[in-house]
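J.: Quick one: this structure, given as structure tokens, is what I'll be asking you about.
Nothing in this text is a laboratory measurement; each read-out follows from the coordinates by a stated rule. Values in this document were obtained by computation on a predicted structure and should not be read as measured data. Every residue, glycine among them, receives a Cβ derived from its backbone with ideal geometry; neighbour counts consider all protein chains shown.
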Amino acid sequence: MEPKQFTLSALQSSLTYTWPANARQLENEVKRLVASVRGKSITEDHLDASIRNLSASIPSFQPKVEPTPKAPASQSLPDAVEQLERRLIEEACEIPVATNKKRLRF
């Protein structure tokens, strides 16, 4: 099997995709591409449609960047962790429902 190379556009599309299933999904996509693409170059056209058209169909999650509040010295670690988890859950709930469903599909 000859080595393959991603074209710049295929690499850019791959880098901007959020990979909802993380490394496993990325690994499976690369294996599929290596097995199915003839020749040396993997172009953007070879990528799965969901990866190619990401910017048009799914808004990427951008967490709110807020100044980190100073925790009172008397706050315990478990309380600080609970407060952080609560804030992250609240932010995740602000993502549109259609986006959540799209990202949860495997």
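J.: Mind putting a number on the dipole of region 1-57 about its Cα centre? Charges go on the C-beta only, +1 for Lys and Arg and -1 for Asp and Glu, and I need it in Debye to the nearest 20.
T.: Details: 7 positive and 6 negative charges, 26 e Å.
Roughly 120 debye for region 1-57.
J.: Amide H of residue 42: which non-local residues (sequence gap of 5 or more, or other chain) have their own amide H closer than 5 Å, using H built in the peptide plane?
T.: Close amide H contacts, sequence-distant or interchain: 5, 6, 7.
J.: May I ask you to compute the full-extension gain from residue 50 to residue 91, defined as 0.36 nm times their residue separation minus their alpha-carbon distance, rounded to one decimal in nm? The partial results should precede the final answer.
T.: Numbers: separation 41, 0.36 × 41 = 14.76 nm, distance 2.47 nm.
Full-extension gain reported as 12.3 nm.
J.: Give the Debye-formula value of log10 I(q)/I(0) at each listed q (0.17, 0.29 Å⁻¹), with one equal scatterer per alpha carbon of region 1-57, two decimals each.
T.: The Cα Debye sum returns log10 ratios of -0.51, -1.33.
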